[in-house]
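Here's the structure, in structure tokens; my notes come after.
The values are calculated or read from the model by the stated rules, or taken from the named source; none is laboratory data. Nothing here was measured: the structure is a model prediction, and the numbers come from that model. As a convention, Cβ positions derive from the backbone with ideal geometry for all residues, glycine included, and neighbour counts pool all protein chains shown. Heavy atoms of the whole protein, side chains included, go into the accessibility calculation; ligands, DNA and RNA do not. Shrake-Rupley method; radii C 1.70, N 1.55, O 1.52, S 1.80 Å.
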Amino acid sequence: MQATHAPEHGHGPPGGLMRWVTTTNHKDIGTLYLWFAGVMFFVAGSMAMLIRAELFQPGLQLVQPEVFNQLTTLHGLIMIFGVIMPAFTGFANWQVPLMIGAPDMAFPRMNNWSFWLLPVAAAFLVGSTLLPGGAVAGGWTMYPPLFIQGGISYDLTIFAVHIMGASSIMGAINIITTILNMRAPGMGMMKLPLFVWTWLITAFLLIAVMPVLAGAVTMLLTDRNFGTHFFDAAGGGDPVLFQHVFWFFGHPEVYILILPAFGIISTILPTFARKPLFGYASMVYATASIAILSFLVWAHHMFTVGLPAGAQLFFMYATMLIAVPTGVKVFNWVATLWRGSMTFETPMLFAVAFVCLFTIGGFSGLVLAMAPVDIQLHDTYYVVAHFHYVLVSGALFSIYAGVYYWLPKWTGHMYDERLGRWHFWLSAISFNVLFFPQHFLGLAGMPRRIPDYALQFADFNRISSIGGFVFGASQILLLIVIVKCIRGGARAEARAWEGAQGLEWTVPSPAPYHTFLEPDVAERHLSPPLPQAGGPPSGDEGRGEGYAPELR
Amino acid sequence: MSAQGHGYYLPAPSHWPIVGSGALLGLALGATLLIHGVAGGGWLLAAGAALLVWMLFGWFGTVIRENERGLFNLRVDASYRWGMGWFIFSEVMFFAAFFGALFYTRTISVPDLASADQQLLWPGYAGGWPTSGPGLEDPFTPMAAWGIPALNTLILLSSGATVTWAHWGLKRGRRRQLILGLALTLALGAAFLGLQAYEYRHAYSELGLTLGAGVYGATFFMLTGFHGLHVTVGAILLAVMLARALAGHFTPERHFAFEAASWYWHFVDVVWLGLFVFVYWL
């Protein structure tokens, strides 16, 4: 697809700070998203360090219980909305146009706004710690009636959620429109790189459920300030209503946090196994199935609120059903590696660790899906261990893998492989020291979100805290690797990795400020079909669904 | 660089997004401070609103001028179509949250409060709908469906017809029909909003039906209130389309802004039908 610039628009970026404030370039905005996620990662990570320090031994040491609750709440909110989601959106901004041969995102100005709303919301969340009464302390899930009772920072947090929601919806509309409308000629839907497919489905989930979250927190706002009784039994309402609305958002949100990770891993494994991805089509269908099922399982977060047995059974079995498409994915990843000529550069190390550790998180999820078991384990450290296995060794490790994988394309330099491996091994080992014992703590009955605990939990908590400190400190290595890579290093070739497939590797490294302004560039590289696609079904050859030549 | 009008238009760097972020910062922080009675909250809120209006004029003005200069090709047009469609879908899901709250309350939480399980906690509560719950004392009268709401249904459905009639005029190059149709639609929209305002006053002053009237009042005012807000936004969109029609914008072939506004108008129309059936009637 050809591209036309605004007449006043030069080839290079404008200089100074205003470049970043006013930019409409997908690569600039992707960079902003990634740096924002990085900064917020260290903010929320420091909170985690404080949490683990407090839990290092029984009794109250460092922080008061109210502050502890603020730390766990903000850690969750910021890690989800300020780190994982912006990081994946950063990847989407950088890679989706490069991967589909589009000149930019469909709505470049709205793209800028999607990003620049995030610092506002982050300022609300972090700044609310300074307000009277401190920051929100009701848990990231914001359940009433507790959340109704807090002070001024609770309202500020509600508005922060609104603003982050607006940012996510606009970002998702941009991504979905880019993928559906701006593919290069010949880039049919079943030739899309899997990262693009997973983001297409993620964007759909975002558009479907972020407004529901906005509705839920709006009801909180009016219950708090304007006298409504949505969640107040005296007025005929029900606090459990909030949980239903929240988790109708919350469960698809879980897949919003992991589907792009699946896409990244499905890109990296074939590169370093030097084999096409096994079962491309089944990967696409599995992703779509997971997304559809995600709308039907929300009440498995609510097995202890007194649901009728029939509802518990439905949500239990529906949840277990998700293991089927997820199993298809894990099978395909392993089959991709099978008899591949593998090498283990840092992206591959993180990707392989993802497959192993995410699967452990998936299994503990299956355990929790069983209603009778969940009633025992609800709100214990088993749950904390479960969702950190899927979010840290799942989502976060995939982000690390993606950063190492695409850094050469972004900076034009190879990163320091030795430091990268140190970062990997320290992270992978300390992560397990940190979170694996929490399974035992949860099974033994230690509740989450409590700053103190009974003596019998002391040993595992100490081990977990030591793992936490090592994990936290190891992440500074990542920062060093990235800064070093930006400042210099071995020059990266256009195809930085020998086995890498896809359009992004046909442009120079670093990727020029503007790419794919002319359509035929993409077309040339698209035939023969992308090897990564594993060869499309024969009927699809060259059909280029969704592409109308006369629109060019 | 390709010739103008043939490629996908990539806009120059823009300051409007950061103005919009400043606007939302002012609106959200101002509202929070205002709610908590902190001095200056109202001013901050007003400043945020002013910034937002300035941003909307500036940003949409820029897009309209670019379009009039012929910078948008059919591919850009298709992007706007996808974008508007997904935006409306997100709006549908926003209303779904509140409809979900209504259905849940009516079918699950209110019957549960009236069940034998709750007799100890809420003795003598009979449940049923409408209700302000077992713990509130002030009586209220629910809004009847077959007065103003039925009239409003007629008005909104007619406005859907007039906007389609305006669209036919535009597609056949009959500008007077376009302008007349838009003006009629706007008048019907204004009539709807006026009647809603009258109904709200009636509810507050005579029926004892307020936002605080239990879960009935909450779902009634939040659903109809957000709908009214969306009618207002739709009317503003249509007013801009009327101004552009008078200024000679749009061709029989290329007029997606008009279509987007009318999609939005039909969307608020459909939401109203849901409201009429589930909030007023049943």
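Whenever you get a sec, line up A:Glu417, A:Glu253 from highest to lowest accessible area (probe 1.4 Å, protein heavy atoms).
Numbers: A:Glu417 50, A:Glu253 0 Å².
Largest accessible area first, the list is A:Glu417, A:Glu253.
Please give the helix A:280-293 orientation as an angle from the longest Cα principal axis of chain A, in degrees from 0 to 90, rounded to the nearest 10.
Result, in degrees: 30.
Quick one: accessible surface of A:Lys191, probe radius 1.4 Å, all protein chains present, in square angstrom to the nearest 10.
Result for A:Lys191: roughly 20 Å² accessible.
For each pair in A:Lys191/A:Lys484; A:Lys191/B:Lys171; A:Lys329/A:Lys484; A:Lys191/A:Lys275; A:Lys27/A:Lys191; A:Lys275/A:Lys329, compute the distance between the two Cα atoms and list the pairs where it is over 27 Å.
A:Lys191/A:Lys484; A:Lys191/B:Lys171; A:Lys329/A:Lys484
Please report, to two decimal places, log10 I(q)/I(0) for chain A at q = 0.09, 0.10, 0.12 Å⁻¹ as given by the Debye formula with identical point scatterers on the Cα atoms and no solvent.
-0.66, -0.82, -1.20
How shielded is A:243-249 by partner chains, expressed as the average number of their Cβ atoms within 10 Å of its Cβ atoms?
Details: counts 0, 6, 6, 1, 0, 4, 2.
Per-residue shielding by partner chains comes out at 3.
Taking the Cα centre of the protein assembly as shown as the origin, how large is its charge dipole in debye, to the nearest 20, when only Lys and Arg (+1) and Asp and Glu (-1) carry charge on their Cβ atoms?
1840 debye
Might you work out the accessible area of B:Arg175 for me, using a 1.4 Å probe with all protein chains in place, and round it to the nearest 10 Å²?
Probe radius 1.4 Å; accessible area of B:Arg175 about 80 Å².
If the viscosity is 1.306 mPa s and the temperature 10 °C, what translational diffusion coefficient in µm²/s does Stokes-Einstein give for the stretch A:33-106 when Rh comes from Kirkwood over Cα pairs?
Numbers: Rh = 14.0 Å.
Estimated via Stokes-Einstein, D reaches 113 µm²/s.
Note down the nm distance, to one decimal, between modelled labels 7 Å out along Cα→Cβ at A:Leu130 and at B:Glu253.
Label-label distance for A:Leu130 and B:Glu253, simple model: 5.8 nm.
In terms of solvent-accessible area of protein heavy atoms at a 1.4 angstrom probe, what is the ranking of B:Arg65, A:Arg421, A:Arg19, highest value first?
Solvent-accessible surface, decreasing: B:Arg65, A:Arg421, A:Arg19.
For peptide A:483-489, compute the average count of partner chain beta-carbon atoms within 10 Å of each residue's beta-carbon. Numbers along the way, then the final one.
Details: counts 0, 0, 0, 0, 0, 0, 0.
Neighbouring Cβ atoms belonging to other protein chains average 0 per residue here.
Below 12 Å, Cα to Cα, which aspartates and glutamates can A:Lys409 reach? Residues fewer than 8 away in the same chain don't count.
Within the straight-line limit of under 12 Å, A:Lys409 reaches these aspartates and glutamates: A:Glu493, A:Glu504.
What is the projected area of the convex hull of the Cα atoms of the stretch A:177-221, averaged over all directions, in nm²?
Approximately 3.6 nm², given one-decimal rounding.
Size of the dipole of the stretch B:87-281 about the Cα centre, Lys and Arg at +1 and Asp and Glu at -1 on the beta carbon, nothing else charged, in debye to 20?
1180 debye
Just checking the output field for A:154-165: average partner chain Cβ neighbours within 10 Å of each residue's Cβ?
Mean shielding count: 3.
Of B:Asn152, B:Thr210, B:Tyr104, which is farthest on the positive side of the dipole of the stretch B:87-281, counting Cα position, with +1 on Lys and Arg Cβ, -1 on Asp and Glu Cβ, and the Cα centre as origin?
B:Asn152
Given the DSSP H assignment, sum -39500 (n - 2.57) over each helix run of at least 4 residues in chain A and divide by its residue total; what's the result at 222 nm in deg cm²/dmol, nearest 500? Display every interim value, and only then the final one.
On the way: 20 runs with 347 residues, N = 552.
About -21000 deg cm²/dmol.
State log₁₀ I(q)/I(0) for the stretch B:87-281 at q = 0.09, 0.11, 0.12, 0.15 Å⁻¹ as given by the Debye formula over alpha-carbon point scatterers of equal weight, solvent excluded.
For the stretch B:87-281, the Cα-only Debye profile gives -0.42, -0.58, -0.65, -0.89.
Rounded to the nearest Å, what's the spacing between the alpha carbon centres of the stretch A:440-486 and the stretch A:373-424? Just the number, please.
When both Cα centres are located, 14 Å separates them.
Compute the signed sum of charges (Lys and Arg +1, Asp and Glu -1) over the other residues within less than 15 Å, Cβ to Cβ, of A:Val240.
The answer is -4.
Restricting to Cα pairs below 8 Å that are 6+ residues apart, what does the relative contact order work out to for the stretch B:12-71? Please round to a whole percent.
So the answer I get is 34 percent.
For the stretch A:76-117 and the stretch B:170-229, what is the centre-to-centre distance using only Cα atoms, to the nearest Å?
Result: 37 Å between the Cα centres.
I'd like to know how the stretch B:12-71 sits against the 2.2 N^0.38 Å rule of thumb: what's its Cα Rg over that expected value? Write out the running numbers ahead of the final one.
Working: Rg = 14.6 Å, N = 60, 2.2 N^0.38 = 10.4 Å.
Compactness ratio reported: 1.40.
If I fit a long axis through the Cα atoms of helix A:194-225 and take the longest principal axis of the Cα atoms of chain A, what angle between them do I get, 0 to 90°, rounded to 10?
On a 0 to 90 degree scale, this one is about 30.
Mind checking the stretch B:192-274 for trypsin sites (Lys or Arg not before Pro) that DSSP puts in a loop (not H, G, I, E or B) and that have at most 16 other Cβ atoms within 10 Å?
Details: sites: B:Arg201, B:Arg244, B:Arg254; in loops: B:Arg254.
When the trypsin sites (Lys or Arg not before Pro) of the stretch B:192-274 are filtered for loop state and at most 16 Cβ neighbours within 10 Å, B:Arg254 remain.
Quote the accessible area belonging to A:Met164 in square angstrom, nearest 10, computed with a 1.4 Å probe and with ligands, DNA and RNA left uncounted.
My reading of the accessible area for A:Met164 is about 10 Å².
For the stretch B:1-108, what is the convex hull volume of its Cα atoms per residue in Å³?
For the stretch B:1-108, the hull spanned by Cα atoms encloses 130 Å³ per residue.
Quick one: compute the contact order of chain A, relative version, from alpha carbon pairs under 8 angstrom and 6+ residues apart, as a percent.
20 percent
For chain B, what does -39500 (n - 2.57) per DSSP helix run (n ≥ 4), summed and divided by total residues, give at 222 nm, in deg cm²/dmol to the nearest 500?
-23500 deg cm²/dmol
To the nearest 10 degrees, how steeply does helix A:346-369 sit against the main Cα axis of chain A, on a 0 to 90 scale?
It is inclined by approximately 40 degrees.
Starting from the Cα of B:Trp146, step 7 Å along the direction of its Cβ; do the same at A:Met342; then give the gap between the two resulting points in nm.
According to this spin-label approximation, the distance is 7.4 nm.
So for chain B, averaging the separation of alpha carbon pairs under 8 Å that are six or more residues apart and normalising by length, what relative contact order in percent results?
For chain B, the relative contact order is 17 percent.
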